[in-house]
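The values are calculated or read from the model by the stated rules, or taken from the named source; none is laboratory data. Since we're looking at a predicted model, the values are computed, not measured. Neighbour counts are summed over all protein chains in view; Cβ atoms, including those assigned to glycine, are modelled from backbone coordinates with ideal geometry. SASA here: full protein model, heavy atoms, side chains in, ligands and nucleic acids out. Shrake-Rupley method; radii C 1.70, N 1.55, O 1.52, S 1.80 Å.
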Amino acid sequence: MKIEPFAVEQWMNAWETKCDLNLAETCVASLTLAELMQMAGTTQQMPSDLAAMHMTYGEIRGSTRLRGLVAGMFADQSAENVLITHGTIGANHMVYQTLVGTGDHVVAITPTYQQHTAIPRSLGAEVTEIALSADQGWMPDWDAVAKVVTPATKIIALTNPNNPTGALIEREGLKKVAQIAREVGAWVLCDEVYRGTEQGDPAPSIVDIYEKGISTGSTSKAFSLAGLRLGWIVGPHELLDACEVHRDYTTISVGMVDDYFAAMALEAKDAVLGRSRHITRGNLAVLTDWVAGEAKASFVPPRAGTTAFVALDVAMSSYDQCVALLKDTGVMFTPGSALGVEGYVRIGFACAPEVLKEGLGRVSLWLANQPATG
Ligand SMILES: Cc1ncc(COP(=O)(O)O)c(C=O)c1O
């Protein structure tokens, strides 16, 4: 299977170990296992149930305990509707492998995580991209989506909350996309990896709105535990049975230790997500003040997520802006071009607050010396 290079991952691989201040990261500042265990009220250094665990494959679909906890984050789902995967990246891949082939059509709302365009294309599907625009607050134009779906459309793919813009589609929007999909029998795959990072009330999940809705997610972003590499697919159990046929060839089971700590995090979700909310809300206020006071920066304020798409009025491509910033200031952003959109940089704002403040301060000094586009 041939596939195009993953531009954001290549950018990260090239620079993230070389920068001073990483404002390209999309996870809420990561937790140590000691911090997680403290939040979960575990007093033993090595919990006895973990020490006693036999290192075999574990339950194949993921532990019943973990699947029940994942289901509990949705309004109307049970453990039967949950399949544990190797991150959201594994979940998305498995859904496309299961549902899409040559001759199929996929509609992807972009910008998005590149998996949602590159994988279906590599599987032989035709992909129609519906572009978000800042003028519309980065919200999808549902009429445009309705115009491009056909009976060949297998999946309409959204990332909600959106990476990179931080836009949030709420219940009414999800109902609209469900209605459009229902008319042609398509699935709606909603990459919900940023669920739990909303600035206000959380939006519902597509799986609680549409009978052919699929939610993918993980412990990476709002749970600050990307190192577990632990994700899930939530959807109708017939879909999960079909996914399992593929999963048997690629995964067998996820790691038992990862499953164990993920369950611990979900049991302590009030504390873990409370910490994340504190970071994302406090830091977005810092970023918003910075943009307001910076004549050469503008954005549509995110309503959720961990990233903002910011336009910098500097006479260079987004890639050149980001490389110059790295070399001159040590601050790492992500170029919009790596997400298929020129004219913006993506700023990850969910890092430690002092990193964000120091980084933005350095960027201001740099911007003061750059000629504007005029
Ligand atoms: C929209 C989106 N989906 C999926 C992923 C992959 O996440 P995970 O760590 O759960 O595999 C990312 C990571 O940045 C992402 O932004």
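Table for the structure above
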item: Overall form of the range 191-239 per C-alpha gyration tensor (a/c, 1.5; a/b vs b/c); result: oblate
item: Spin-label proximity, Val184 to the range 58-102 - amide N less than 20 Å from point 7 Å beyond Cα toward beta carbon; result: 95-102
item: For the range 321-338, Karplus couplings with θ = phi - 60° (6.51, -1.76, 1.60), whole Hz, Gly/Pro x; result: 4, 5, 5, 4, 4, 4, 6, 8, 10, x, 8, 10, 10, 10, x, x, 4, 6
item: For the range 119-221, projected area of the alpha-carbon convex hull averaged over all directions, nm²; result: 6.9
item: Environment charge at Gly227 (Cβ cut-off 15 Å; Lys +1, Arg +1, Asp -1, Glu -1); result: -3
item: Cα-projected label distance for Ala152 with Met316, points at 7 Å along beta-carbon direction, nm; result: 4.3
item: Using θ = phi - 60° and Karplus 6.51 cos²θ - 1.76 cosθ + 1.60, couplings along the range 30-39 (whole Hz; Gly, Pro as x); result: 5, 8, 7, 5, 5, 5, 4, 5, 5, 4
item: Calculated FRET value between Thr288 and Met55, using beta carbons and R₀ = 41 Å, to 0.05; result: 0.30
item: Cα pair distances exceeding 26 angstrom across the chain, given as percent; result: 51
item: Computed accessible area, His246, all protein chains, 1.4 angstrom probe, square angstrom; result: 60
item: Two-decimal ratio, the range 1-139, of alpha-carbon radius of gyration to 2.2 N^0.38 Å; result: 1.38
item: Largest-first principal axis extents, alpha carbons of the range 214-363, Å; result: 53, 33, 27
item: Accessible surface of the range 225-351, 1.4 Å probe, proportion on carbon and sulfur as whole %; result: 55
item: FRET efficiency estimate (nearest 0.05) - Cβ-Cβ, Glu9 to Ser48, R0 35 angstrom; result: 0.35
item: Solvent-accessible area, 1.4 Å probe, carbon plus sulfur percent, for the range 1-150; result: 52
item: Heavy-atom surface of the chain, accessible at 1.4 Å and reported per residue (Å²); result: 41
